[in-house]
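Structure record follows, encoded as structure tokens.
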Ligand SMILES: Nc1ncnc2c1ncn2[C@@H]1O[C@H](COP(=O)(O)OP(=O)(O)OP(=O)(O)O)[C@@H](O)[C@H]1O
Ligand SMILES: [Mg+2]
């Protein structure tokens, strides 16, 4: 750590990877331990593969069925991205409308909040009935459940602007549009990204639930098939790929957040 | 005195402030109307530096907001540069009680905000902004975010932001309230220097009697709520004022006089 390179403000790639490992070391260690215990237990107790396959069996399975898994993951990914994209494209403008329009605030917002109590998953069969087995019902379920956290967080963010900030803009002669672009929207960005981070996870859930009900493709569909065939290793493999997909998507949102609001990272790092 | 002031500012356009019989009630949802200001009258000549001192909650910020045109009067009239105020006053640069910096903008782009919003010449004002930051000791901090600054530094940025458009009228609401005594004294000197150079009209709100007297041509003393102007003092001290001013006998007498005024009002009490 006392080498000249560590004084450098931009650490080398190797140093960063090492830093990541030391930081995440405890979590990684625990994870590794769990897998080792799992592996040992299945071997020692001779657990049948159709009940609980060992990690090594799952890894081999993933490797063997890679093409099949990717093919279905790709189908699920499309549903997730379209559903989530729709949530963003509809949700953020709706939040803006709620903040700026009395009617939306008084009618749309309470309506939305009360609809939030409807378990959206329960709507999935209806959507399938209406829109068939294609991609559309899954996209809609993903949209429906990822939509709310995005709207609510955006609304909260835009309302969190202090009165003085609005006064400041007004005193400079800013109109509504300028106040929105220069104050309200950037101020709301940390909250918006908070909503997006919740929303992306919800969108994955929505897509998979949609697939459970009726599908011809996707990781949720693959799970159903595997279940019928008692192919437990394939079931687990699907879960692993699905989790990986969730983690990667979440981290993409985090990465975009860092690009878009570098100032926010500075504030949160200070708190840490 | 008035004639002299007019001589000083003969070239600049008129940014006098006339507050005549202004009353302000705030309507509140729960507790009924708040009577914040009662029949306040106060005039600021163009290029004059006037301070307001008064107890907390007496309506100082309210008066400043009214003059800036950000909130409407309940009755009475306010004119800036001879024109009645009804809407944000264009010539005004405001330093709010809190610094209100935008977290997502660098120091320099915070200072440039008014230029951006008013669509003024970016290039010319960029120099001005850099100069201003330099004059308050913030050179090298241009690209930092507000979260990386101390409270005093943030307030200095807010002052630069108010000054970047060379406002004819500068409205400052306890700008140095959050600063330590030493920084505060330095800021007083810096503000005086800038004012002596630009000669804009300044309304300066403060809790500090000493600060008000040190900086101002005149000091208006307000009474507790509903706020009224209890007394206006002419401060007859030479310029530029410095460390020796603070030990000047006249300076000490002015402080004493304001303090006795607060004692008489029961705002300060010795028992
Ligand atoms: N937006 C508002 N709505 C209702 N009442 C208000 C509002 N703003 C101020 N007031 C009330 O008006 C009175 C004067 O407030 P103001 O902020 O002008 O006081 P101040 O002299 O600036 O006090 P301080 O020195 O503590 O900043 C206070 O009693 C306050 O409660
Ligand atoms: Mg105040």
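Numbers below:
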{"item": "Single match in A:96, A:47, A:107 (criterion: within 23 Å of the chain's Cα centre (by Cα) and over 22 Å from residue A:219 (Cβ atoms))", "result": "A:96"}
{"item": "Scope the range B:138-161; condition within 16 Å of ligand 2 (Cβ to nearest atom) and under 20 Å from residue B:116 (Cβ atoms); matching residues", "result": "B:158"}
{"item": "Evaluation of residue B:107 against (1) touching a residue at least 60 places away in the same chain (Cβ under 8 Å); (2) away from ligand 2 (no atom under 16 Å from the Cβ) (one fails), failing number", "result": "(1)"}
{"item": "Selection from the range B:24-37 of residues that are more than 7 Å from ligand 1 (Cβ to nearest atom) and either crowded, with 16+ Cβ neighbours inside 10 Å or at pLDDT 95 or above (or both)", "result": "B:24, B:25, B:37"}
{"item": "Subset tally (residues that are free of Cβ contacts under 8 Å to residues at least 60 places away in the same chain and within 8 Å of ligand 1 (Cβ to nearest atom)) for the range B:51-70", "result": "1"}
{"item": "Residue among A:207, A:215 that is assigned to a loop (DSSP other than H, G, I, E, B) and over 30 Å from residue B:96 (Cα atoms)", "result": "A:215"}
{"item": "Any hit, the range B:233-254, residues being in contact (Cβ under 8 Å) with a residue 60 or more places away in the chain and in contact with a helix residue (DSSP H, G or I) (Cβ under 7 Å, 6 or more places away or on another chain)", "result": "no"}
{"item": "Residues that are under 30 Å from residue A:124 (Cβ atoms) and either at the interface with chain B (Cβ under 10 Å from one of its Cβ atoms) or without any contact (Cβ under 8 Å) to a residue 40 or more places away in the chain (or both), drawn from the range A:149-193", "result": "A:156, A:157, A:191"}
{"item": "Condition broken by residue B:231, with the remaining ones in (1) buried (at least 20 other Cβ atoms within 10 Å of the Cβ); (2) modelled with pLDDT of 90 or more satisfied", "result": "(1)"}
{"item": "Selection from the range A:161-170 of residues that are touching a helix residue (DSSP H, G or I) at 6+ places or on another chain (Cβ under 6 Å) and in a helix (DSSP H, G or I)", "result": "A:165, A:169"}
{"item": "Checklist (1) within 18 Å of the chain's Cα centre (by Cα); (2) modelled with pLDDT of 95 or more applied to residue B:113, failing item", "result": "(1)"}
{"item": "Meets criteria (surrounded by fewer than 16 Cβ atoms within 10 Å (Cβ to Cβ), in contact with a strand residue (DSSP E or B) (Cβ under 9 Å, 6 or more places away or on another chain) and either modelled with pLDDT of 95 or more or not assigned by TED's automatic domain parsing to the domain that holds residue B:41 (or both)) for residue B:139", "result": "no"}
{"item": "Tally of residues being away from chain A (no Cβ under 14 Å) and either part of a loop (DSSP other than H, G, I, E, B) or under 17 Å from the mean Cα position of the chain (by Cα) (or both) across the range B:144-159", "result": "2"}
{"item": "Residue match in the range B:136-156 (condition: in contact (Cβ under 8 Å) with a residue 40 or more places away in the chain and within 16 Å of ligand 1 (Cβ to nearest atom))", "result": "yes"}
{"item": "Number of the exception - residue A:257 against (1) in contact (Cβ under 8 Å) with a residue 40 or more places away in the chain; (2) away from every other protein chain (no Cβ under 14 Å)", "result": "(2)"}
{"item": "Every residue from the range B:171-212 that is without any contact (Cβ under 8 Å) to a residue 40 or more places away in the chain, within 16 Å of ligand 2 (Cβ to nearest atom) and assigned to a helix (DSSP H, G or I)", "result": "none"}
{"item": "The range B:38-80 - residue that is within 14 Å of another protein chain (Cβ to nearest Cβ), within 16 Å of ligand 2 (Cβ to nearest atom) and not in a helix (DSSP H, G or I) and, of those, surrounded by the most Cβ atoms within 10 Å (Cβ to Cβ)", "result": "B:70"}
{"item": "Number of the exception - residue A:230 against (1) at positive phi; (2) within 14 Å of another protein chain (Cβ to nearest Cβ); (3) out of contact with any helix residue (DSSP H, G or I) (no Cβ under 7 Å at 6 or more places or on another chain)", "result": "(2)"}
{"item": "Residue list for the range B:86-98, filter: facing chain A (nearest Cβ under 9 Å) and either crowded, with 18+ Cβ neighbours inside 10 Å or over 22 Å from the mean Cα position of the chain (by Cα) (or both)", "result": "B:89, B:92, B:93, B:94, B:96"}
{"item": "Candidate set: the range A:5-52, residues that are at pLDDT 85 or above and outside any helix (DSSP H, G or I); chosen: the one farthest from residue A:229 (Cα to Cα)", "result": "A:45"}
{"item": "Yes/no for residue B:83 being at pLDDT below 90 and either over 15 Å from the mean Cα position of the chain (by Cα) or surrounded by 14 or more Cβ atoms within 10 Å (Cβ to Cβ) (or both)", "result": "no"}
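The values are calculated or read from the model by the stated rules, or taken from the named source; none is laboratory data. Owing to the predicted nature of the structure, the values given are computational and were not obtained by experimental measurement. Every residue, glycine among them, receives a Cβ derived from its backbone with ideal geometry; neighbour counts consider all protein chains shown.
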